[in-house]
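Since the structure comes first, as structure tokens, the remarks are kept for the end.
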Amino acid sequence: MDCHKIIEDTYAHILSKENKGAVATYIPELGKVDPAHFGVCLTTNDGTQYTAGDAYSPFSIQSIAKVLSLSLALSLEDTMIWQRLDVEPSGSAFNSLVQLESENGIPRNPLINAGAIVVCDILCSHLKDPKKELIGYIRDVANNDTIQYSETIAQSEKSNGYLNVALVNFMKSFGNIKNDVEQVIDLYFYLSSIEMTCCQLSKTFGFLANGGKQLITNKQILTRSQSQRVNAIMQTCGFYDEAGEFAYKVGLPGKSGVGGGIVAVLPNSYSISVWSPKLNEKGNSYRGMKFLQLFTDTTRETIF
Ligand code: GLU
């Protein structure tokens, strides 16, 4: 596969088409991002990177970070975490309250907001300094000590985070949040604020294309079995109520974020990250989805 040419040609084609959608504004800081940004980076399992456009510009990865907090929780509790949340697609929006009431405060999966908040609660139960240790873990997985929270974005989301505050309190009322709700939701807002470039993001997710082992160093981040299950959850739940369409059109396990990022992996081959801030009506990057669909159509390589 001539990665360089396919990335370049796919990028040029998508760039030539209308960029539909809108930048997220419910987190005010995200509303300030230039909607014209468009970057791509593919990292093969030998660590080689192929880029196009804004591949080196940092952006808020938002819900993509939920995959990393889930990985840490699995490292700490393994399958015990599934007593607190499920592994089922929700079929609803990422911040929906609807199913929580009928399902006794047990979130459908760890990639919707309610599930990620329970994962943050699990981390608060295990870690002495959750905020410090979580970013330390993510820097370790990324093999990059410069990865940071964005104080500005975390505070911006916190200033308008009424729905997530409702979610954490609602689950607390069902007894599915064990720690102080302020501490748990604060960790969640900082987790969401983490910034990475496309190159950093695709390299960081390389362990999920590599049997749970960090690229190059082969450091075991997750067991092979755990990494396979995280990929399964990304495949079925990574795009909320557009997860089916992503599986149908792209055919890779992946995760989106309202900052306009998408990361996807082809196990035993590569991880790829795309960033374009304008979101479609389901809250996933419009250009990111279009790029990945054309990319896997061209390479004809999917998990199916
Ligand atoms: N922090 C965002 C929220 O809670 C994440 C949503 C997303 O990226 O899908 O609404």
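The values are calculated or read from the model by the stated rules, or taken from the named source; none is laboratory data. Since we're looking at a predicted model, the values are computed, not measured. Heads up, the Cβs are rebuilt from the backbone with ideal geometry, glycines too, and the neighbour counts pull from every protein chain shown. Remember, those area values only see protein heavy atoms, side chains included, never the ligands or the DNA or RNA. Shrake-Rupley method; radii C 1.70, N 1.55, O 1.52, S 1.80 Å.
The table below gives the values:
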{"quantity": "Cross-chain or 6+ apart pairs with Cβ under 8 Å, segment 153-170 first and among the charged types (D, E, K, R), then open to solvent by 20 Å² or more (accessible area, probe 1.4 Å)", "calculated": "157/29; 158/186"}
{"quantity": "Residue ID - nearest to residue 181 (Cα to Cα), chosen from residues in segment 111-145 that are among the charged types (D, E, K, R) and within 16 Å of the ligand (Cβ to nearest atom)", "calculated": "121"}
{"quantity": "Options 263, 258; residue that is more than 20 Å from residue 51 (Cα to Cα), touching a residue at least 60 places away in the same chain (Cβ under 8 Å) and either in contact with a strand residue (DSSP E or B) (Cβ under 9 Å, 6 or more places away or on another chain) or within 16 Å of the ligand (Cβ to nearest atom) (or both)", "calculated": "258"}
{"quantity": "Segment 178-227 - residue that is assigned to a helix (DSSP H, G or I) and either among the aliphatic types (A, V, I, L, M) or at pLDDT below 95 (or both) and, of those, farthest from the ligand (Cβ to nearest atom)", "calculated": "209"}
{"quantity": "Top-ranked residue in segment 125-172 [being open to solvent by less than 70 Å² (accessible area, probe 1.4 Å) and basic (Lys, Arg); ranked as nearest to residue 184 (Cα to Cα)]", "calculated": "131"}
{"quantity": "Test: residue 3 is of a type outside the set (Ser, Thr, Tyr), more than 14 Å from the ligand (Cβ to nearest atom) and at pLDDT below 95", "calculated": "yes"}
{"quantity": "Qualifying residue in segment 77-89 (condition: in a helix (DSSP H, G or I) and farther than 27 Å from residue 166 by Cβ)", "calculated": "yes"}
{"quantity": "Test set (1) assigned to a loop (DSSP other than H, G, I, E, B); (2) within 20 Å of residue 182 (Cβ to Cβ); (3) more than 15 Å from the chain's Cα centre (by Cα) - residue 92 fails condition number", "calculated": "(2)"}
{"quantity": "Residue within segment 52-65 that is closer than 18 Å to residue 271 by Cβ and of a type in the set (Val, Ile, Thr) present", "calculated": "yes"}
{"quantity": "First in segment 89-113 and surrounded by 21 or more Cβ atoms within 10 Å (Cβ to Cβ) and among the aromatic types (Phe, Trp, Tyr), second anywhere and part of a loop (DSSP other than H, G, I, E, B) and at pLDDT 95 or above, Cβ under 6 Å, 6 or more apart", "calculated": "94/112"}
{"quantity": "Conditions (1) of a type outside the set (A, V, I, L, M); (2) within 14 Å of the ligand (Cβ to nearest atom); (3) open to solvent by 10 Å² or more (accessible area, probe 1.4 Å): number failed by residue 175", "calculated": "(2)"}
{"quantity": "Residues located in segment 36-70, provided they are assigned to a strand (DSSP E or B), within 30 Å of residue 115 (Cβ to Cβ) and not hydrophobic (A, V, I, L, M, F, W, C)", "calculated": "39, 43, 60"}
